[in-house]
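These notes are about the structure you will find just below.
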Amino acid sequence: MKHKFPVGTRVLFTASNIARPAASGTYEVIRQLPTEGDDYQYRIKSSTEAFERVARESQLALS
């Protein structure tokens, strides 16, 4: 398997209720990260936040 979203792709992020609070919305994929279990991970960034987040592929969809 390989990553579904290439770097530079605009994605919709859906925050998990279990994890730390996060703003759902549109983000840009900054970097592809290794898997955690069966789920690929990504470093994503919103234009409305000064920092980057790590998200699982299952939390992302094409915007």
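The values are calculated or read from the model by the stated rules, or taken from the named source; none is laboratory data. Source: prediction; values computed, not measured. Cβ sites come from the backbone with ideal geometry, for glycine too, and all protein chains shown count toward neighbours. Calculation scope for accessible area: heavy atoms of the full protein, side chains included, ligands and nucleic acids excluded. Shrake-Rupley method; radii C 1.70, N 1.55, O 1.52, S 1.80 Å.
Which residues' amide hydrogens lie under 5 Å from the amide hydrogen of Leu33, considering only partners 5 or more residues apart or on another chain, with H built in the peptide plane?
Close amide H contacts, sequence-distant or interchain: Gln41, Tyr42, Arg43.
Restricting attention to the chain, which trypsin sites (Lys or Arg not before Pro) occupy a DSSP loop and are surrounded by at most 16 other Cβ atoms within 10 Å?
Lys2, Lys4
Skip the ligands, DNA and RNA, and give the accessible area per residue of the chain with a 1.4 Å probe, whole Å².
So the chain comes to 68 Å² accessible per residue, rounded to a whole number.
On the principal axes of its Cα set, how long, how wide and how thick is the chain? Give whole Å, largest value first.
Sorted from largest, the Cα extents of the chain read 31, 27, 19 Å.
Given a 1.4 Å probe and the protein chains all in place, what does the accessible area of Thr14 round to, in Å² to the nearest 10?
About 90 Å², rounded to the nearest 10.
Out of the chymotrypsin sites (Phe, Trp or Tyr not before Pro) in the chain, which ones are loop residues according to DSSP with at most 14 other C-beta atoms within 10 Å?
Phe51
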